[in-house]
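To start, the structure under review is shown below, and the notes come after it.
We did not get these values from a lab; they are worked out from the coordinates using the rules stated. Here the structure is a predicted model, which is why all the values come from computation and not from measurement. Glycine also receives a Cβ, built like all others from the backbone with ideal geometry; neighbour counts cover every protein chain displayed.
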Amino acid sequence: MPFRGHLEMERSQGHMPIDQADEDATELGIPGPTTYRYQCPTYALVLLAVACGLVLCLTFYHFSPASRPKGEEGEQYVKLPDYPTAKNPQSLSATTEGRDDFGLAASNPFEPPTAPPAAAASPRISMMLAKGAQDREDAFGELALGQKRGHWIWWVFPALQEWGGDMFSAMQMEGGADLKSCQEAEEYLANDKLRTAYMKGLRLAAAALEKHSSEAPFHVFDEAFAGRGCRGAWLRGPVDSFKVRASATLFASAASKRGDEELVQAALRLLRHFNGDCSYRPEGEGSAGHMTGFPDEDIRLLGPDIRILHICGVAWGTLLQAAAGTAWDVRSRLPRV
């Protein structure tokens with residue numbers, strides 16, 4: 001069939017019109033270009049239809065209930081929870097972990113969400129609780145009798161390291177018994193035992209201060225130590241009074257951020273006894289109140305410690321609001337600052 005081969009070559013190379021090629025191909029009994037042109041799409045459509053059918057079959061099988069694994073009681077693992085409705089607000093499909101089938105908290109969305117659980121205490125806070133346990137008990141006994149005689153101030157009235165801390169409090173435990181920041185003071189109050197102890201210290205100290213009409217902080221916190229006066233520098237001055245004032249201001253600030261009005265009020269009741277008739281001055285590195293790069297100056301112990309308020313970013317008016325409307329209003333004897 002040399003002529004047929006020649007015809008196919010001429011047709012494939014475009015030397016012959018398609019119509020003429022079809023006529024010649026018909027005479028020779030072979031398929032022409034038009035025949036090929038219409039037959040190829042038909043084959044493709046058939047293959048596409050078969051592929052679509054297979055995809056639909058696989059999809060149906062995959063999503064059918066029979067293809068899913070069974071649970072212990074024959075229920076499907078994937079199950080829509082019965083979420084609350086107006087008729088059934090309490091219906092939640094909760095697991096033992098307190099979460100529903102989709103991992104969401106199993107709480108009623110028609111009610112206000114509950115507060116998250118308190119975070120675990122840091123190692124430092126836990127160490128403070130353990131290290132100062134006995135000293136706190138001794139301190140409560142002394143305050144109940146009206147005067148501080150032992151060295152426990154950092155365990156009962158901890159202050160900020162950068163302002164109320166000193167060389168002695170730094171030696172009490174690894175990292176020091178002083179608080180590193182205002183945030184750590186909030187962590188301190190988040191520990192129920194430490195908060196309870198701090199409240200007890202505030203109340204006992206306030207009761208002891210009530211017995212004195214003048215220089216009350218000095219009489220309660222410093223008078224029992226030889227060489228200390230109501231006005232003086234470092235260990236010759238009312239250093240423990242200075243620390244108690246700084247601590248009460250710190251924890252009043254921390255408590256206000258936590259919404260703890262009870263502790264704010266207790267701290268203010270103690271601070272009202274700081275009426276300015278005592279003054280304290282730091283004395284170089286290692287003394288309470290000394291700040292590197294700043295001169296040591298006399299600090300009048302009047303009301304709250306303004307430096308602590310600035311460090312913690314709390315306004316004095318915010319703390320005063322916590323005292324309003326109570327049966328025993330402390331504002332009448334607190335200074336305006």
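Miscellaneous remarks
- Net charge contributed by nearby residues that have their C-beta within less than 15 Å of ALA197 (K/R +1, D/E -1): -2
- Part-to-part distance (alpha-carbon centres) for segment 118-151 and segment 196-230, which is given in Å: 16
- Entries in LYS131/LYS211; LYS180/LYS211; LYS200/LYS257 that, when Cα-Cα distance is taken, lie over 27 Å: LYS131/LYS211; LYS180/LYS211
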